[in-house]
Amino acid sequence: MATNFWTSSHYKQLLDQEDVDMVNPLDKEKGITLEDFKLIKIHMANYISKLAQNVKVRQRVVATAVTYMRRVYTRKSLTEYDPRLVAPTCLYLASKAEESTVQARLLVFYIKKLYSDDKYRFEIKDILEMEMKILEALNYYLVVFHPYRSLSQLLQDAGLNDINMTQVTWGLVNDTYKMDLILVHPPHLIALACIYIASVQREKDTTVWFEELRVDMNVVKNISMEILDFYEGNRMITEDRISAALNKLGFRS
Amino acid sequence: MSDVDPSKKVADRYLRREVLGEGTYGVVYKAIDTKTGQTVAIKKIRLGKQKEGVNFTALREIKLLKELKDPNIIELTDAFPHKGNLHLVFEFMETDLEAVIRDRNIFLSPADIKSYLQMTLKGLAICHKKWVLHRDMKPNNLLIGPNGQLKLADFGLARIFGSPERRFTHQVFARWYRAPELLFGTKQYGSGVDVWAAACIFAELLLRRPFLQGSSDIDQLGKIFAAFGTPTTSQWPDIVYLPDYVEYQYVPAPPLRSLFPMASDDALDLLSKMFTYDPKVRISVQQALEHRYFSSVPLPTDPEKLPRPAPKKEPKVPDFNPHEGPTVLSPPRKSRRVMPGRDGFEGIALQGDKDDNNVGDNTGKNDPASTSIDFSIFGLQPPNRPTINSADRSHLKRKLDLEFQQPE
């Protein structure tokens, strides 16, 4: 599908980093900083992954759900759209959009199992109401392109499609969803950045292959740097910092 | 859009008019868009009783139509929630191709047929270019707008394809438009299935009646083989590997000319390429559009000048439910029995004759017993649709087919 990315709604909706990094005024009032905003989104991406493991859906569904969640927060505030409800609802909507429907009651069940905290307590009807609001916030655009497909094609093309490289790069791509890269860059460039990082780390010489590709290597390198920065900063993320950020929002308890 | 209170939108923007029909997943009504003055069709999507939120089929349609903007594809102009229900706004379409084909007062010239087919294929080409399979091509899903433009509608069965290992259900399309590979149970298919259906529509435009009217899946294959001969492994090497493949008694193909006496040589050549058995060899939509049929005289009629049914008729709307088939005009079984044999009347059929047989023939098209067996189950409980997997479906399907065959 990569050939059609350029005519897709996904391509038309790509944003500048500054637009993604805008903290909604309502959230700012509550003292949410850009750091908090990013932390909450990382936490929600993890939450979606955990839920997805329980209900057993494909990685693609997780990726789409996280993308929906991130898109929602470029337009809506954390204050009005409780991330603890938005996250599972995005998974619910993504499972439908990606043709592997998960029942809402199953999600409700696993939410309770994963989080005993009352703040995470939601009923089916909450999810269904939020589904409608998310659809609107997404302006009904549901097709999302991901780096996975280009990843396997590119690895093959580079002659790097051994199990080891496939695993490393696949894992890297999964981790990119803890960032907003999918909102900013075309998926194949994200895939290339992951290959670049992996080939550097595994000391594979891909210089010639990259040079022959007709892509802007500066962009690929920038994405790679951003991914590496994320890994750097990721070590500093603690439960405490996440709860502190979430507490600023002061939702119903 | 997000700043406006969405719940006021119906009142604020759309003036509600009469109900146009009941679709698979809700009511469709006519409305005036006060912002543009245009007439629109609004589909109100019922929330399933199963507590499964926005209807799965509706969601598919939204997802794909948001990506497909083209003059030959129905336009989803807006969507909004209102009183807990999702509403989809479509451009208003006056009629559909089925009504055109069925209207005996309409004479379709070779140029008119060419124009309708070309618009159908253009719409399909956009779908396939975007890796979308329509999977439900049939004349009443081809809507016709006020300027004569034909547009593909009802993407409730459509899917994104392109990953080769992904398996799909073969229970798609109304039976008469189903490609042989689907009838043999394949789960890995491609754009060829839409081409086959488009060929059936092409044939239907030429004959003014559905071309291959099977009464069960088995019978459908029989009808196909009677028209084109039993496929041989040299024609279609992979046929023996298809899940439901069974050997059929060999029937030779009658000359295509004998089935379509009025068609031009170019039309027949294109038709035979679209009706190719092996999906790998079957012409693509893009190749079909480049076929000399479309560049040779007579050139396709300008859409504005195409004949259309008199406007008095009940207007058609997007997804005027194709699967419920409640609009039976005459006893279905009876109408099928009076159906004439294939030979003998196509020559005159093109001239729009008033033969009684043809009347029975036309109403037969709405016959739920022959088109909707597999879907009638879902018609009763639409929310169930996504939860029935394809294995269940084909099991049910086979059972139904068997039951329907015995009394005959």
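The values are calculated or read from the model by the stated rules, or taken from the named source; none is laboratory data. Note that this is a predicted model, so its numbers are computed, not measured. For neighbour counting, all protein chains shown are included, and Cβ atoms are generated from backbone atoms with ideal geometry for every residue, glycine included. Accessible surface areas use protein heavy atoms only, side chains included; no ligands, DNA or RNA. Shrake-Rupley method; radii C 1.70, N 1.55, O 1.52, S 1.80 Å.
Taking region B:175-208, which residues are open to solvent by 10 Å² or more (accessible area, probe 1.4 Å) and farther than 21 Å from B:P243 by Cβ?
B:L206
What about B:P231, is it over 21 Å from B:L142 (Cα atoms) and either in contact with a helix residue (DSSP H, G or I) (Cβ under 9 Å, 6 or more places away or on another chain) or modelled with pLDDT under 95 (or both)?
yes
Only residues that are open to solvent by less than 10 Å² (accessible area, probe 1.4 Å) and more than 10 Å from chain A (Cβ to nearest Cβ): list them for region B:41-57, please.
B:A41, B:I42, B:K43, B:I45
For region A:116-127, what are the residues that are within 14 Å of another protein chain (Cβ to nearest Cβ) and surrounded by 14 or more Cβ atoms within 10 Å (Cβ to Cβ)?
A:F122, A:I124, A:D126, A:I127 - these are the residues of region A:116-127 that are within 14 Å of another protein chain (Cβ to nearest Cβ) and surrounded by 14 or more Cβ atoms within 10 Å (Cβ to Cβ).
So that you can scan it fast, the table gives a plain yes or no per residue for (1) of a type in the set (A, V, I, L, M, F, W, C); (2) under 30 Å from B:Q188 (Cβ atoms):
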{"site": "B:E67", "(1), (2)": "no, yes"}
{"site": "B:P71", "(1), (2)": "no, no"}
{"site": "B:P81", "(1), (2)": "no, no"}
{"site": "B:F107", "(1), (2)": "yes, no"}
{"site": "B:A111", "(1), (2)": "yes, no"}
{"site": "B:L121", "(1), (2)": "yes, yes"}
{"site": "B:K130", "(1), (2)": "no, yes"}
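If you take the residues of region B:213-272 that are part of a loop (DSSP other than H, G, I, E, B) and hydrophobic (A, V, I, L, M, F, W, C), which of them is surrounded by the fewest Cβ atoms within 10 Å (Cβ to Cβ)?
B:V246
Considering only residues that are open to solvent by 50 Å² or more (accessible area, probe 1.4 Å) and either of a type in the set (K, R) or facing chain A (nearest Cβ under 8 Å) (or both), which ones fall in region B:58-84?
Of everything in region B:58-84, those that are open to solvent by 50 Å² or more (accessible area, probe 1.4 Å) and either of a type in the set (K, R) or facing chain A (nearest Cβ under 8 Å) (or both) turn out to be B:K69, B:K83.
Residues B:K129, B:K114: which one is surrounded by fewer than 24 Cβ atoms within 10 Å (Cβ to Cβ) and basic (K, R)?
Of the residues listed, the single one that is surrounded by fewer than 24 Cβ atoms within 10 Å (Cβ to Cβ) and basic (K, R) is B:K129.
Select from region A:75-115 the residues that are within 13 Å of chain B (Cβ to nearest Cβ) and without any contact (Cβ under 8 Å) to a residue 24 or more places away in the chain and write down the one among them that is most open to solvent (accessible area, probe 1.4 Å).
A:R105
Within region B:87-104, is there a residue that is surrounded by fewer than 19 Cβ atoms within 10 Å (Cβ to Cβ), more than 14 Å from every other protein chain (Cβ to nearest Cβ) and outside any strand (DSSP E or B)?
yes
Does at least one position in region A:128-151 carry a residue that is in contact with a Ser or Thr (Cβ under 8 Å, 6 or more places away or on another chain), more than 10 Å from every other protein chain (Cβ to nearest Cβ) and either free of Cβ contacts under 8 Å to residues at least 40 places away in the same chain or among the basic types (K, R) (or both)?
Checked region A:128-151: no residue is in contact with a Ser or Thr (Cβ under 8 Å, 6 or more places away or on another chain), more than 10 Å from every other protein chain (Cβ to nearest Cβ) and either free of Cβ contacts under 8 Å to residues at least 40 places away in the same chain or among the basic types (K, R) (or both).
Just to verify a result, which residue in region A:160-172, among those that are free of Cβ contacts under 8 Å to residues at least 12 places away in the same chain and over 16 Å from the mean Cα position of the chain (by Cα), is nearest to the other protein chains (Cβ to nearest Cβ)?
A:N161
Would you point out the residue of region A:160-185, among those that are touching a helix residue (DSSP H, G or I) at 6+ places or on another chain (Cβ under 8 Å) and over 26 Å from A:D36 (Cα atoms), that is modelled with the lowest pLDDT?
Out of the qualifying residues, it is A:N161.
Run A:A137 past the list (1) touching a Phe, Trp or Tyr at 6+ places or on another chain (Cβ under 8 Å); (2) open to solvent by 10 Å² or more (accessible area, probe 1.4 Å); (3) modelled with pLDDT of 95 or more and report the number of the one that doesn't hold.
Going through the list (1) touching a Phe, Trp or Tyr at 6+ places or on another chain (Cβ under 8 Å); (2) open to solvent by 10 Å² or more (accessible area, probe 1.4 Å); (3) modelled with pLDDT of 95 or more, A:A137 breaks only (2).
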